[in-house]
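Novice: My questions all concern the structure below.
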Amino acid sequence: MSVLANGTEDLPSGLTPAAAYALVNTAIQKIAQMNLLDKDVPFFGLIRDGQQRGTSQIAIERLITAVEIRAESAPPVGSALVVQLVVNSNLQSQQYMLGVGGVYALAAVTGDGNGGSGSGLVVPANQTVAVQMINSNQAADVVVTLKCQLRIL
């Protein structure tokens, strides 16, 4: 058996249907774990506090592992830019910040978004997720990217 480019293995000859099913199921799970979906959420122009953008919904469970923030035009002034995720209209507790004068930040998503332990925020299939601007602090043309992993269970 050899390893294919996508991390799965090819099937040996002479498999029983049950053995083939187990190998194919394992291969599908490996492929699913490697599928990444980055969702860009642009906040063009001068941003207002409380703006919510980028509402999305997909038919596959996703795990948000990181939030990337880029100030394309003007960085925050006076204090940090702060965003939070909104899942099914519920504002999550973890905040993601871009420091004063900063143009780029990458923050890991920890816990379940509401103070729980773990790594990443699970968004169940067919549930919505959006980004809400908490404190914009005069930043302009900000792009928030949700780093996601698709999970087929």
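The values are calculated or read from the model by the stated rules, or taken from the named source; none is laboratory data. Every value quoted in this text rests on a predicted model; they were computed, and no experiment measured them. Here Cβ is always computed from backbone atoms with ideal geometry, including for glycine, and neighbour counts include all displayed protein chains. Heavy atoms of the whole protein, side chains included, go into the accessibility calculation; ligands, DNA and RNA do not. Shrake-Rupley method; radii C 1.70, N 1.55, O 1.52, S 1.80 Å.
Novice: Among the residues of the range 60-76, is there at least one that is out of contact with any strand residue (DSSP E or B) (no Cβ under 6 Å at 6 or more places or on another chain), open to solvent by 50 Å² or more (accessible area, probe 1.4 Å) and at pLDDT below 95?
Specialist: No, because not a single residue in the range 60-76 is out of contact with any strand residue (DSSP E or B) (no Cβ under 6 Å at 6 or more places or on another chain), open to solvent by 50 Å² or more (accessible area, probe 1.4 Å) and at pLDDT below 95.
Novice: Looking at the structure I just gave you, is Val142 part of a strand (DSSP E or B), of a type outside the set (D, E, K, R) and farther than 30 Å from Ile28 by Cβ?
Specialist: On the way: part of a strand (DSSP E or B): yes; of a type outside the set (D, E, K, R): yes; farther than 30 Å from Ile28 by Cβ: yes.
Yes.
Novice: Also, I was wondering about something else. If you scan the range 39-76, which residues turn out to be charged (D, E, K, R) and part of a strand (DSSP E or B)? Before you say what the answer is, go through the steps one by one.
Specialist: The initial filter retains those residues of the range 39-76 that are charged (D, E, K, R), namely 39-40, 48-49, 53, 61-62, 68, 70, 72.
Residues satisfying the conditions are Lys39, Asp40, Arg53, Glu61, Arg62, Glu68, Arg70, Glu72.
Novice: For the range 87-101, enumerate the residues that are open to solvent by 10 Å² or more (accessible area, probe 1.4 Å) and in a strand (DSSP E or B). Spell out how you get there, then give the answer.
Specialist: At the first step, the residues of the range 87-101 found to be open to solvent by 10 Å² or more (accessible area, probe 1.4 Å) are 87-95, 97, 99-101.
Val87, Asn90, Leu91, Gln92, Ser93, Gln94, Gln95, Met97 - these are the residues of the range 87-101 that are open to solvent by 10 Å² or more (accessible area, probe 1.4 Å) and in a strand (DSSP E or B).
Novice: Could you list, in sequence order, the residues of the range 77-86 that are assigned to a strand (DSSP E or B) and either within 30 Å of Ala125 (Cβ to Cβ) or open to solvent by 50 Å² or more (accessible area, probe 1.4 Å) (or both)?
Specialist: Taking the range 77-86 first, the residues assigned to a strand (DSSP E or B) are 81-86.
Across the range 77-86, the qualifying residues are Val82, Val83, Gln84, Leu85, Val86.
Novice: Among the residues of the range 43-50, are any at pLDDT below 95, over 13 Å from Ser136 (Cβ atoms) and β-branched (Val, Ile, Thr)?
Specialist: There is no residue in the range 43-50 that is at pLDDT below 95, over 13 Å from Ser136 (Cβ atoms) and β-branched (Val, Ile, Thr).
Novice: Any idea which residue in the range 30-59 is most open to solvent (accessible area, probe 1.4 Å), counting only those that are among the polar types (S, T, N, Q) and in contact with a Lys or Arg (Cβ under 9 Å, 6 or more places away or on another chain)?
Specialist: Gln33
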